[in-house]
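Contents: one structure, followed by commentary.
The values are calculated or read from the model by the stated rules, or taken from the named source; none is laboratory data. Because the structure is a prediction, the values reported are computed rather than measured. Cβ sites come from the backbone with ideal geometry, for glycine too, and all protein chains shown count toward neighbours.
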Amino acid sequence: MLSYIARRVALTVPTLLLVMVAVFALIHLIPGDPAQLMLGDAADDATLSQLRQHLGLDRPLTVQFARWLLNVVHGDFGHSITNGLPVLPLLLERIQVSGTIILAAVTLATLIAVPAGLIAAWKQNQTVDVAIVAGATLLLSIPSFWLGLLLMLQFGLKLGWLPVVGYVPLSENFSEGLLYLLLPIATLVMIESGILTRMSRASAIDVLRLEYVTHARAKGVSESQVLRRHVFPNAFGPTLTMIGVILGNLLGGIAVLETVFTLPGIGRLLVDAIYARDYPVVQGVMLLTALTYVFINLIIDLCYPIFDPRVTT
């Protein structure tokens, strides 16, 4: 077990390095001069040259990368071009909003989808199975932004139960802040439940066909115990992998939902920074998102032996 953990952690190191190289390269491929953006069009050549020298833009790319990498390791993501504020505190503030929504939504979706998938597999080709699969397929077919707009229209505008615009931090007022998060969380729960239900069902069907399940039934074990003790632990592995993929994808693609619900999350920050050509913020968001994705998958890999001890061999 310890050797498995050590291998997975060791494999993460070159992945992190490749991620940093990719983020650095992508930012430098974007057209435009950061120094020109910071000083404006009225800046003279001498001032531009002095700022480029100060920022290290006149040095070779390898030197720029080494300097940037060293700063990142020490927690220095640079300063925003638009407001001059440090990038890292801004990222940490915004990712709390996105992380709260994503973690809550994926947790609830998992609690709903996994039992639904098990039941659908157990009742394969019966009415319950058809209904669950049809519902999951329908949820998969709905774009998240459109579903969010429908929920806003129904529960925000027509019924007036929930607010549709604005945001209140949970740290300031938990009950009021929760009201602002219910609709975006509900939107993601419905969308991701469809994906996880189908994955859980497919994995459970494969397990139900194995001989040890037949043997357990032949011994007189009840169906509930078969599902709980034999099918679920062995079928949850692929679903766990999908959960890791969903967490990463949501963190990278939540900008649309945050725009719909006007939430100050990491996605909205990235969109605003792209429009403003705020390269340090764009680079910081991309790097933080990629690093979070890598660490999420590392955690998923480390949790995998809990459900399938064979992966440690």
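Overview of values
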{"read-out": "Lone qualifier among ASP278, ASP272, ASP301 - being within 27 Å of VAL165 (Cβ to Cβ), touching a residue at least 60 places away in the same chain (Cβ under 8 Å) and in the same structural domain as PRO238 (by TED's automatic domain parsing)", "value": "ASP278"}
{"read-out": "Enumeration of residues in region 158-185 that are hydrophobic (A, V, I, L, M, F, W, C) and in contact (Cβ under 8 Å) with a residue 60 or more places away in the chain", "value": "VAL164, VAL165, LEU170, LEU181, LEU183, ILE185"}
{"read-out": "Condition met for ALA109 (at pLDDT 90 or above and either crowded, with 16+ Cβ neighbours inside 10 Å or over 18 Å from the mean Cα position of the chain (by Cα) (or both))", "value": "yes"}
{"read-out": "GLU223 vs. criteria touching a residue at least 24 places away in the same chain (Cβ under 8 Å), buried (at least 21 other Cβ atoms within 10 Å of the Cβ) and among the acidic types (Asp, Glu)", "value": "no"}
{"read-out": "Residue match in region 208-222 (condition: in the same structural domain as LEU153 (by TED's automatic domain parsing), part of a helix (DSSP H, G or I), more than 26 Å from VAL13 (Cα to Cα) and of a type in the set (D, E, K, R))", "value": "yes"}
{"read-out": "Residue identified as on the phi < 0 side of the Ramachandran plot, among the small types (Gly, Ala, Ser) and under 25 Å from the mean Cα position of the chain (by Cα) among ALA116, ALA121, ALA134", "value": "ALA116"}
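Residues checked against (1) small (Gly, Ala, Ser); (2) assigned by TED's automatic domain parsing to the domain that holds SER224; (3) not in a loop (DSSP other than H, G, I, E, B):
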position	(1), (2), (3)
GLY148	yes, yes, yes
LEU151	no, yes, yes
PRO169	no, yes, no
GLU172	no, yes, no
PRO184	no, yes, yes
THR187	no, yes, yes
ILE191	no, yes, yes
GLY194	yes, yes, yes
ARG198	no, yes, yes
